[in-house]
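What follows is a single structure, written as structure tokens, with notes after it.
Where a number appears in this text, it was derived from the coordinates with a stated rule and is not lab data. Since the structure is predicted, the reported quantities are computational estimates derived from the model, not experimental observations. With ideal geometry, Cβ positions are generated from the backbone for all residues, glycine too; neighbour counts draw on all protein chains shown.
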Amino acid sequence: MAEPLRLLIDRTDTPIGELVIVADREGRLRAVDWTDYESRLQRLLRLHYGEHGFALEPARNPGGLTKVMAAYFEGDLGVISRLPVETGGTPFQRTVWAALRDIPCGATVSYSELAKRIDRPAAVRAVGLANGANPVGIVVPCHRVVGANGSLTGYGGGLERKRWLLAHESRAHPGARQASAR
């Protein structure tokens, strides 16, 4: 039996709740979620790495990631675009997640626009499912995806957190183009 992947876990307070941060020993972000959704985080880790394929070990500021996430919440929004991320997921999911990282801070896109950006315009529902399975929310900014009419739709951390994150980014980038429907 293979040795389980050793993952480091830390927690940090944010203005919208406690954030759980999971990193590998190389300092790559593997998962981010809210403490009140920690069971979902555990489920995603099992899905991506197997029931016994990982072990979580408490750590302070693994790979400097906790400090970087705190800087984001303090207004240094660009720090998340430079974070190294390593995820499981299917090739399609990883394609969607890569496209999410290309959405500029302070901007939004619709699910249909995101599907077009990955050259799969008919895959709107699949894009939505991949968005919902994103294990590194905020850093892979699934909160920047909105409904076709610009309405706030599903966010794993709850719509209030999505609203806060979008407002937080819009304050720092007030001139960002809103591309919610195309």
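Which helices (runs of 4 or more DSSP H) does the stretch 27-109 wholly contain that include 2 or more residues that are in contact (Cβ under 8 Å) with a residue 60 or more places away in the chain, within 15 Å of the chain's Cα centre (by Cα) and closer than 15 Å to C142 by Cβ? Please lay out each step first, then the result.
Values: elements: 38-49, 65-73, 91-101.
Counting at least 2 such residues, we get 38-49.
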Checklist outcome for this item: Counting only residues in the stretch 110-124 that are touching a helix residue (DSSP H, G or I) at 6+ places or on another chain (Cβ under 7 Å), of a type outside the set (K, R) and not in a loop (DSSP other than H, G, I, E, B), the one surrounded by the most Cβ atoms within 10 Å (Cβ to Cβ) is identified as L114
Checklist outcome for this item: By residue number, the members of the stretch 14-26 that are closer than 24 Å to E74 by Cβ and assigned to a loop (DSSP other than H, G, I, E, B) are P15, I16
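Quick one: would you say G150 is surrounded by fewer than 24 Cβ atoms within 10 Å (Cβ to Cβ) and assigned to a loop (DSSP other than H, G, I, E, B)? Quick ask: steps written out before the conclusion?
Numbers: surrounded by fewer than 24 Cβ atoms within 10 Å (Cβ to Cβ): yes; assigned to a loop (DSSP other than H, G, I, E, B): yes.
Yes.
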